[in-house]
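Taking it in order: structure first as structure tokens, then the write-up.
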Amino acid sequence: MNSDLSNLQPYPFERIATLKEGITPPSDLSLISLAIGEPKHPCPNIITQAITNNLKQFEQYPLTKGVLELREVIAKWLEQRFALPANSINPEQNVLPVNGTREALFAFAQCIVDRSVNTSTNTAKVVMPNPFYQIYEGATILAGAEPVYLPCTEATNYNPDYTLVPASVWQDCQLLYLCTPGNPTGGVAELSQLKEVLALAEKYDFVVASDECYSELYLDENNPPAGLLQAAAEMGNTDYKRCVVFHSLSKRSNAPGMRSGFVAGDAAILKQFLLYRTYHGCAMSLPIQQASIAAWSDEEHVKKNRRLYRQKFDAVLDILAPVMKVSRPSASFYLWPETEVDDETFTKEIYAQQHVNVIPGSYLSRTVNGFNPGENRIRLALVASVEECTEAAHRIKAYVEPKFLS
């Protein structure tokens, strides 16, 4: 067996199941889960209809590279969404479809990391935010690299402070994971911060992987989050050297079960990633590619999606803000409130007393130098209906109000 498997941490949901063992929630309250970031809004008809119209294509093997039409639609979407120079995204060289960003984010580290540099004194390093999406850590460990965690706190607007990273770390860094908008904090990197990262990548010669799967869930319709390719283009890097972005239809189009996304950026890197993926055996089926073409070609369903999330943030924050330390994020569908009791106790008690599922913030973070940036926080995923999210907020308020006012 791969010895690195023993270094993996239990996944947060496994830990939560253990945490809640033996607890019987009130039977008169239906379960409301704000734990899993699985969108519950209806999948748009254009997606389901495209699959239905192309069922015969399940009889064909798809190419790992995907059909050209899909790559052309993605290139056009990127250029329009992030104000990139016309024709700077070549569908033949700068785009690859993937089966969801989770799969691609993991596979990317296996392709990028050169473990041959590891010695008794030096190890290939992968830098990532803390708290973070757990795939970054698992991918790093199984690629034979050492994860380096950069705290994202309220003081830094939930973005890493790259000035605190010593040069010795950057010198060993082979890959940097970004997550903007962030999971679980909702923090959004400004263009200036993305440019700072790219300057570091150029100086120390590492690759930047920007997980932007929440980029279309922003609360201000006139202020969409910036992207890594956008920052590169503004710096004159229209070859997108060292840059790879990851986008998905799971959140944007309420289609998590489709497992459809793409990676885009540096052509030289993607050429090697395509080679890796060809052996990996992860080609997207042709009906899903046709549905993806329909989804990336339409913005109306995405605007409707954002309106629903704004409605839920408004309703939930009206209820919780008076009794919890919680703020509205710029993007994503998460809230990241502080708790008056430790986050594990909160998670157990809110389930036991109110039949609501949440995630302890410390389960989404790692303790470094005695500090865990997720400690005494919880993640609330506002993915359920407006009515269920509102009801969950009332139940949380009923639980926290005595503690908040004491």
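The values are calculated or read from the model by the stated rules, or taken from the named source; none is laboratory data. Since we're looking at a predicted model, the values are computed, not measured. We place every Cβ from the backbone using ideal geometry, glycine too, and count neighbours over all the protein chains shown.
List of remarks:
- Counting residues in region 48-57 that are within 27 Å of Lys303 (Cβ to Cβ), of a type in the set (Val, Ile, Thr), crowded, with 17+ Cβ neighbours inside 10 Å and in contact (Cβ under 8 Å) with a residue 60 or more places away in the chain gives one or more.
- Exactly one residue among Leu19, Leu5, Leu31 is among the aliphatic types (A, V, I, L, M) and closer than 27 Å to Ala283 by Cβ, and that residue is Leu5.
- Residue match in region 375-395 (condition: in the same structural domain as Ile32 (by TED's automatic domain parsing), buried (at least 24 other Cβ atoms within 10 Å of the Cβ), in a helix (DSSP H, G or I) and in contact with a Pro (Cβ under 8 Å, 6 or more places away or on another chain)): no
- Condition check for Ala352: under 20 Å from the mean Cα position of the chain (by Cα) and of a type in the set (A, V, I, L, M): no
- Criterion: in contact with a Pro (Cβ under 8 Å, 6 or more places away or on another chain) and either farther than 30 Å from Arg71 by Cα or of a type outside the set (S, T, N, Q) (or both) - qualifying residue of Gln311, Gln354, Gln289: Gln354
- Among all positions in region 133-154, there is at least one residue which is over 12 Å from the mean Cα position of the chain (by Cα), over 29 Å from His280 (Cα atoms) and in a loop (DSSP other than H, G, I, E, B).
- Scanning region 221-256 for residues that are in contact with a strand residue (DSSP E or B) (Cβ under 9 Å, 6 or more places away or on another chain) and at positive phi returns Tyr240, Arg242.
- Inter-residue pairs, beta-carbon under 7 Å, first in contact (Cβ under 8 Å) with a residue 40 or more places away in the chain and in region 76-96, second of a type in the set (D, E, K, R) and assigned to a loop (DSSP other than H, G, I, E, B), 6+ apart: Leu96/Lys65
Every residue, every condition in (1) modelled with pLDDT of 95 or more; (2) in a helix (DSSP H, G or I); (3) assigned by TED's automatic domain parsing to the domain that holds Val386, yes or no:
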residue: Met284; (1), (2), (3): yes, no, no
residue: Pro287; (1), (2), (3): yes, yes, no
residue: Ala291; (1), (2), (3): yes, yes, no
residue: Ala294; (1), (2), (3): yes, yes, no
residue: Asn305; (1), (2), (3): yes, yes, yes
residue: Arg310; (1), (2), (3): yes, yes, yes
residue: Phe313; (1), (2), (3): yes, yes, yes
residue: Val316; (1), (2), (3): yes, yes, yes
residue: Ile319; (1), (2), (3): yes, yes, yes
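- Hey, Pro39 of a type outside the set (A, V, I, L, M, F, W, C), surrounded by 18 or more Cβ atoms within 10 Å (Cβ to Cβ) and farther than 29 Å from Val148 by Cα or not: yes
- Residues that are touching a strand residue (DSSP E or B) at 6+ places or on another chain (Cβ under 8 Å), assigned to a loop (DSSP other than H, G, I, E, B) and under 28 Å from Asn223 (Cβ atoms), drawn from region 66-101: Ile89, Asn94, Gly100
- Residues of region 167-224 classified as assigned to a loop (DSSP other than H, G, I, E, B) and among the β-branched types (Val, Ile, Thr), total: 3
- Lone qualifier among Ile51, Ile16 - being within 24 Å of Arg252 (Cβ to Cβ) and not in a loop (DSSP other than H, G, I, E, B): Ile51
- The single condition among (1) farther than 16 Å from Ile16 by Cα; (2) part of a helix (DSSP H, G or I) that Tyr363 does not meet is (1).
- Region 328-339 - residue that is part of a loop (DSSP other than H, G, I, E, B) and crowded, with 16+ Cβ neighbours inside 10 Å and, of those, nearest to the chain's Cα centre (by Cα): Ser332
- Verdict on Leu105 being under 15 Å from Leu274 (Cα atoms), aliphatic (A, V, I, L, M) and in a helix (DSSP H, G or I): yes
- Checked against (1) crowded, with 21+ Cβ neighbours inside 10 Å; (2) in contact (Cβ under 8 Å) with a residue 60 or more places away in the chain; (3) of a type outside the set (A, V, I, L, M), Phe346 passes all but condition (2).
- Meets criteria (among the β-branched types (Val, Ile, Thr), touching a residue at least 12 places away in the same chain (Cβ under 8 Å) and over 24 Å from Ala267 (Cβ atoms)) for Ile112: no
- Filtering region 32-46 to residues that are in contact with a strand residue (DSSP E or B) (Cβ under 7 Å, 6 or more places away or on another chain) and either closer than 17 Å to Pro337 by Cβ or at pLDDT 95 or above (or both) leaves Ile32, Ser33, Leu34, Ala35, Gly37.
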